[in-house]
Structure formats: structure tokens, C-alpha cells
Amino acid sequence: MHKYILKRLLMLIPVLIGVTFIIFTLSYITPGCPATMTLGETAPAEAIEALRQEWGLDDPFIIRFVRYVADAARLNLGETYATRRPVMEEILTRFPATLQLAVMGLFISVLLGIPLGVISATKQYSLFDNLATIFGLIFVSIPNFWLGMMLVVFFSVNLGWLPPSGFETPAQWILPAFTLGTGQMAVVMRMSRSSMLEVIRQDYIRTARAKGQKESVVVWNHALRNALIPVVTAVGLTFGFLLGGAVLTETIFSINGIGRFMVQSINSRDNPVINGGVLFLALSFSVVNLGVDILYAYLDPRIKSQYK
Amino acid sequence: MTESNNMLEIKGLTIHYVTDDGVVRAVNDLNIAIGRGESIGLVGETGAGKTTTALGILKLVPNPPGKIIDGEIFLDGEDIIKKSEPEMRKIRGNKVSMIFQDPMTSLNPVMTVRDQIAEVILLHEKMPAAKALEKAEEMLMKVGIMPDRAKDYPHQFSGGMRQRVVIAIALACSPELLIADEPTTALDVTIQAQVLELMKNLKEEFNTSMIMITHDLGIVAEICDKVAVMYAGSVVEYADKLELFKNPKHPYTIGLFNSIPDIGNDVESLKPIKGLMPDPMNLPTGCPFHPRCDKAKPECSEKIPAGYDIGNNHIVKCILFNQ
């Protein structure tokens, strides 16, 4: 198991270099000069040229790429064009908010989605199941930004219960977390339901019942653990995406997170931030994936025995 | 025979599966009695309702779509049809336990075999968890699995070993009645013999009554005292093993015996029963076997025959024996 984890961590290196190469190439071939955009069209040509020199924009592609990778390996992602502060620092100051939002959204989706899905499955085609299906469909279909705005209108503007923006106090956490969590909750719920439906018909569930085990233990212990694998996969994928920042949610609630930062930087062609952000996103995605794979091993001994 | 003498007595059991396409009449007016320590073979083709009958005894027929429509099941003189779910839970795995057909799928893949055995012990016997784990290991020893494998998971065992684990689970609480649903069908022949031998010995050790569900008359000959032949959801012939093997009466039973290859008897070809088992959603009127029966008379299609006792406690459900 330890060897497996080590192997997976080593595999991160080529993955990250590959990701860097792609994103670096993309920002290299997109037209427009970052120095001009930073200083403005009317800036003197010498100043622009000086800035191009400083940022090494005139060097050949391969040299710039190797330099970037070598710097990144030392945790130096360069400076932003806009503020001249280290990209790493800019990302790290925004990451806690994004992480917190992602974790809270995840909690809502898992803590509500799995139980609702399990109950739906055990009472297939009942009123509860049908209602859960309908609401699930609604929550999946509602666009995040619309839900967020409606929540703000209702709870902040009309009722005045919760603050409409910011992310510092617990009261400010509720609306963004809920906005982000509901859509995911519906996905987790549907996934849990279908997975449970499959497991609940297995012979070993009948065996558990034939032992005289209570139905609640049969469902929540015997069946759920076997049904969790696909759910964990979905939850892991979602979490990975959320770590890259929930752009819309962060924008609506003016949360200073990675997603919003990335979009701003893309708009202003702040290449170091784009490169660094994508690299950071790839890293967090890979780490979450590894976490999911490790979790598999604890859920299912058959998978554990394959990890070598 | 009175009820109190019998471990189990089933009277007029009828189980239907209600589906969108129609009603599947899986078990129809089934009657069986099993004495203490006795083993009975429930023989019949696939789809004859054997497994549904077994699940009915544990009240584990999947509902929906299955439903026990009618009948009484006396276990130790008490009608379990009337029992509540909590009362049934005390019976399952304790007084009555079941060995399932496919050992590859009958064990929970994410629990160690020891935990799966200990689970049933903890449910029915008051003892600390550590003691239950110990007893689980003893049970593993009894079925011939070394305790050093106790913490292994089902996927680390072969089919025969897994069936031993299933047997250990079934016998862990010394049940008075053991229902074995084709316990050897999924196993290799050599392993079959071992498992059967094991079951025979354990049955004697625990003095358990047994219902052996099988389509293999060889297993019946090996293990059972009595035989009930099932066809289309009801018992068409019931007798002591020797009586039935020497003197089969029901045309279906005779057909079954004729379908078995016999090395001592050189025949040109086997005599299979013509036709197919009827669709339980659409059973023929009268005797369900009459469309395939050589000796069918016109009245066979009109009335379901009663069970006629032809002596020696040999019961045949066929109007040919109505005297």
C-alpha cells in the first residue's frame, strides 16, 4: 500500500510537466503582448521593450518552458503581471476560501445526498423516491448562478436573514455553501440510489437478512459500504473540480477565491497566473484522485489487494 | 402425524409474484412435513418453485413483487405466517438457517469471513464480541478452514471454501432446521462430495432437520430420508427415499428417473420428458403436468388432483391413484 502511494506520487511529476507544457504552449501561441497590455497601448516603445526583456518574453519557447518548469520545481511560479507579487503567494492567499467553500459544498452534498439516495433506493418508486427524483432533477438543472442570485434575493434582500456577500463569518458561509452544494447533492443522491439498487439485490444482502439481521443494519452497513465505490468516485471528481474554484459562486458572493482570481487573470492575459493556477489545479485534482483511490482500498479489500 | 411431532409442517402454501406482465404463480398449494432430525429432499427442475418455498419458510420472499397468498407454515407447532418481523428475525439464522446456492455471491465482499460468522452469533447469542470472534474461528475449524484464514476476505477463497464459510454461518447458532438451496450446484464434482460429506457430518453432530433443495437425484440418494418431488409450484409426489426410488408413481417422477443416464443399463437413447415446464404465469388448467403426461386423461385438464396416499406414507398427486 505504501509502495503504491509512493508510486502514485512519483507519477504526479510527468503529469504535472505535461499539464504545464500544454498550458504553457497555449499561452505562448495566443496573440497579444502581455507587456503592452500591462503598460497600455500608449506606453513608450522602450518601456515595453524593457518589460519584455525583464519577463524574458523574447527568449525561444523551449528555454522559457524549461526555465518555468525549473522554477516551478522550486515552488516559484513567477510574478503576476498585474501586481508584481509572486503568483504562488497570490494563489495561496486565495486558496483557503476556495478550499473551505469546496469542503462545505461537499459536506452538504454528501451528508444529504447519500442518505436521501439510500432511502430512495430502499423505497423504490414510493412517494418519497419520486419526490426525491423530482427535486434532484430540479437541483441538477438549476444553474448555479441563478440559484445563488435567487437565494440572495430571498434570504438577504427580502428576509434580511443572511448577508449577500463575503466569506468571513459563518453567516456568510451558508448561502454560498448551499448554492454550491445542492447541485452536487442531487448528483450524489442519484448516484447513491442507483448504486444501492444494484447492491440491495445481491445474494449477500439476502444472506445478511437470513442471519436475522435488522433491515436498518442490512441497508446502512452491509449494502451501503458495497454501494459507496461509484459514489466516492463522483464525489472525488466533484471535489477536484471545486478545488479549482467555483467561479460562478465565488463571483456572485464576491468571494476572493481561486476561481474568481483565475477568471480575472484570463481576462487581463496575466499568463503567469494562468499557468500557475492551472498547475495548482492539476496538482490538487491529482491529489484528490489519489485520495479517492486510497479510500477505495479501505472500502473494498478486493481493490486493496490489487494495489502493489 | 401431529403438528407437535414435526419440526416443520407446511400446509397449502401459495406464493405469487405480482409483476407488470402478470401474476407468476411460483408456489401453489404446497404441503410438506419434516420430522425432527429428518432430512427431506426437495427435487424439481429449475423454476419449480423450490427456492421460493425455501424463502417462504424464512419469510424472505422479496416483497414486492413476491407475496405469500395463502397457507400455514408451522415451525415447532407455531404458525410463522402470523409472526411479526422482529419475531421472524429471532428465528432466522438461529432456529432456521439457510445455505444459498451460489457461494461466489452469498458472502459480503467487504467483510472478513470471521466477521460474517461472528455477526450471526452476536445476533442470537448473548456474548461479548471477542468471544463471538473466537466461536467464529471454531466454526471455521469445524468446516475445515484453518483459523489463520479467518481474517481473509471472501475473494481470497475458492468456491468450495466459500461454501464452507456459508455453511459455517448457517450452522453457527445450531439451527434446528437447515435449508440448503442447491448447496453444491456451483461447485466442482470433487468439491461437491466434500461439501456433502461435511454437511452430513455436521447435520448429525447438531441433530439438525434439513431441507435439501436440489435437482440432483444422486444427492438425494446420498443425504435424504424423504423426498418431495416438485412440479410447477407444488409437491407432486412425496415418499420415503427408498420407497420413491424403488417405486416412483407419479408420471413426472418416472419421467425424471428415465432422464438419468444409467451406466449399467445400455439404452439407445435417454427418454426425456417431452415438452417444457409450463410458464408459471400461465399454468395449464387442472393438473399442471397433463400437457406433458403420457397417461393424461381428459379429466386431467379439468381438475387439480388431490394428494392420494397409496400406503407407506407415499403420497401422489395424480388422479390415476384415486381409488
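The values are calculated or read from the model by the stated rules, or taken from the named source; none is laboratory data. This structure is a prediction, so every number in the text was calculated from the model and none was measured. We place every Cβ from the backbone using ideal geometry, glycine too, and count neighbours over all the protein chains shown. Only protein heavy atoms, including side chains, enter the accessible area calculation; ligands, DNA and RNA are left aside. Shrake-Rupley method; radii C 1.70, N 1.55, O 1.52, S 1.80 Å.
Answer with one residue from A:A297, A:N226, A:L279: the one whose Cα lies farthest towards the positive end of the charge dipole of the range A:206-308, charges on Cβ with Lys, Arg +1 and Asp, Glu -1.
Farthest along the dipole direction, towards plus: A:N226.
If you find the alpha carbon centre of the range A:1-21 and of the range A:184-262, how far apart are they in angstrom?
26 Å
How far is helix A:224-243 tilted off the main Cα axis of chain A, in degrees rounded to 10, range 0 to 90?
Around 20 degrees separate the two axes.
Can you bin the range B:240-323 into rounded, prolate or oblate? Criterion: square roots of the alpha carbon gyration tensor eigenvalues sorted a ≥ b ≥ c, rounded for a/c under 1.5, prolate for a/b above b/c, oblate for the rest.
Note, shape of the range B:240-323 comes out oblate.
Roughly what % of DSSP beta bridges within the protein assembly as shown run antiparallel, to the nearest 5?
So the antiparallel bridges in the protein assembly as shown amount to around 60 percent.
Which residue, B:A180, B:S106, B:V43, has the largest displacement toward the positive end of the dipole of chain B when charges sit on each Cβ (Lys, Arg +1; Asp, Glu -1)?
In chain B, that residue is B:S106.
Could you check how much of the accessible area of the range B:159-261 is carbon and sulfur, as a whole percent, using a 1.4 Å probe? The partial results should precede the final answer.
Working: 1700 of 3360 Å².
About 51 percent, which is the carbon plus sulfur part of the accessible surface.
Rounded to the nearest whole Å², what accessible area per residue is found for the range B:270-323 with the 1.4 Å probe?
Dividing the accessible area of the range B:270-323 by its residue count gives 63 Å².
Is there a pair in B:K67/B:K295; B:K82/B:K246; A:K211/B:K50; B:K131/B:K200; A:K214/B:K131 whose C-alpha atoms are over 30 Å apart, and which pairs would that be?
With Cα atoms farther than 30 Å apart: B:K67/B:K295; B:K82/B:K246.
Compute the signed sum of charges (Lys and Arg +1, Asp and Glu -1) over the other residues within less than 15 Å, Cβ to Cβ, of A:P14.
Local net charge: +2.
Of the peptides B:44-56, B:278-290, how do they stack up when ordered by the mean number of other Cβ atoms within 10 Å, highest first? Display every interim value, and only then the final one.
Working: B:44-56: 22.1, B:278-290: 18.0.
Sorting B:44-56, B:278-290 by mean packing, highest first, produces B:44-56, B:278-290.
Stick to Cα atoms and the Kirkwood definition of Rh, then tell me Rg/Rh for the range B:17-144.
1.00
Quick one: Cα centre-to-centre distance for the range A:55-134 and the range B:1-67, in angstrom?
57 Å
Which whole-number percent is the relative contact order of the range B:68-227 (Cα, under 8 Å, 6+ apart)?
Dividing the mean separation by the residue count of the range B:68-227 yields 26 percent.
First compute the accessible area of the range B:36-144 with a 1.4 Å probe, then give the percent of it belonging to carbon and sulfur atoms.
Result for the range B:36-144: 53 percent of the exposed heavy-atom area is carbon or sulfur.
Which residues, if any, in the range B:68-110 have at least 20 Å² less accessible area in the whole protein complex than in the isolated chain, probe 1.4 Å?
Residues passing the criterion (a loss of at least 20 Å², heavy atoms only) are B:R89, B:R92, B:F100, B:T105, B:S106, B:N108, B:P109, B:V110.
Mind listing, in residue-number order, the residues in the range B:161-200 that have at least 10 Å² less accessible area with every protein chain present than in their own chain alone (1.4 Å probe)?
Output list: B:I169.
Please list log₁₀ I(q)/I(0) at q = 0.10 Å⁻¹ for the protein assembly as shown, using the Debye equation with identical point scatterers on the alpha-carbon positions.
Cα-only, vacuum Debye calculation for the protein assembly as shown: -0.96.
If you look at just the Cα atoms of the range B:196-294, how large are its Rg and its Dmax in Å?
15.6, 46
Might you report the magnitude of the Cβ-based charge dipole of the protein assembly as shown about its Cα centre, with Lys and Arg at +1 and Asp and Glu at -1, to the nearest 20 debye?
Value, rounded to 20: 640 debye.
What share of the DSSP beta bridges in chain B is antiparallel, in percent to the nearest 5?
Details: 30 of 49 bridges.
Bridges in chain B that DSSP calls antiparallel: roughly 60 percent.
Hey, can you rank A:148-154, B:246-252 by average C-beta count inside 10 Å, highest first?
Ranking, from highest mean packing down: B:246-252, A:148-154.
With the solvent-accessible surface defined on protein heavy atoms using a 1.4 Å probe, which residues belonging to the range A:171-219 display a reduction of at least 20 Å² in accessible area in the multichain context relative to the isolated chain?
A:D203, A:Y204, A:R206, A:T207, A:R209, A:A210, A:K211, A:G212, A:Q213, A:K214
Can you list the equivalent-ellipsoid semi-axes of the range B:221-271, largest first and in whole Å, using the square root of 5 times each Cα gyration tensor eigenvalue?
21, 14, 9
Taking all protein chains in place and a 1.4 Å probe, what share, in percent, of the accessible surface of the range A:107-191 do carbon and sulfur account for?
Working: 3510 of 4540 Å².
Accessible surface attributable to carbon and sulfur in the range A:107-191 totals 77 percent.
When ligands, DNA and RNA are left out and all protein chains stay put, how many square angstrom of accessible area per residue does the range A:187-297 have with a 1.4 Å probe? Intermediate values should be presented prior to the final figure.
Details: 4040 Å² over 111 residues.
Each residue of the range A:187-297 exposes 36 Å² on average to a 1.4 Å probe.
For peptide B:143-154, how many partner chain Cβ atoms fall within 10 Å of a residue's Cβ, on average?
1
Once both axes come from the Cα atoms, what is the angle between helix B:129-142 and the longest principal axis of chain B, in degrees from 0 to 90, rounded to 10?
50 degrees
Could you compute how much accessible area chains A and B hide from each other, both sides summed, with a 1.4 Å probe? Nearest 100 Å² is fine. Before the final figure, lay out the partial values.
On the way: alone 16580 and 15480 Å², together 30030 Å².
The buried area between A and B, both sides summed, comes to about 2000 Å².
Is the C-alpha gyration tensor of the range B:79-134 telling us rounded, prolate or oblate? Criteria: a/c under 1.5 is rounded; beyond that, a/b larger than b/c is prolate, otherwise oblate.
oblate
Provide the net charge surrounding B:K303, with neighbours chosen by a C-beta distance below 14 Å and charges set as Lys +1, Arg +1, Asp -1, Glu -1.
For residues surrounding B:K303, the net value is -1.
Let me check against my output: what whole-number percent is the relative contact order of chain A, with C-alpha pairs under 8 Å and at least 6 apart?
Values: 356 pairs, mean separation 79.2, N = 308.
Relative contact order, chain A: 26 percent.
May I ask you to give the solvent-accessible area per residue for the range B:102-210, in square angstrom, as obtained with a 1.4 angstrom probe?
On a per-residue basis, the range B:102-210 sits at 40 Å².
Go through A:215-228, A:132-145, B:165-178 and give me the packing order, highest mean Cβ count within 10 Å leading.
B:165-178, A:215-228, A:132-145
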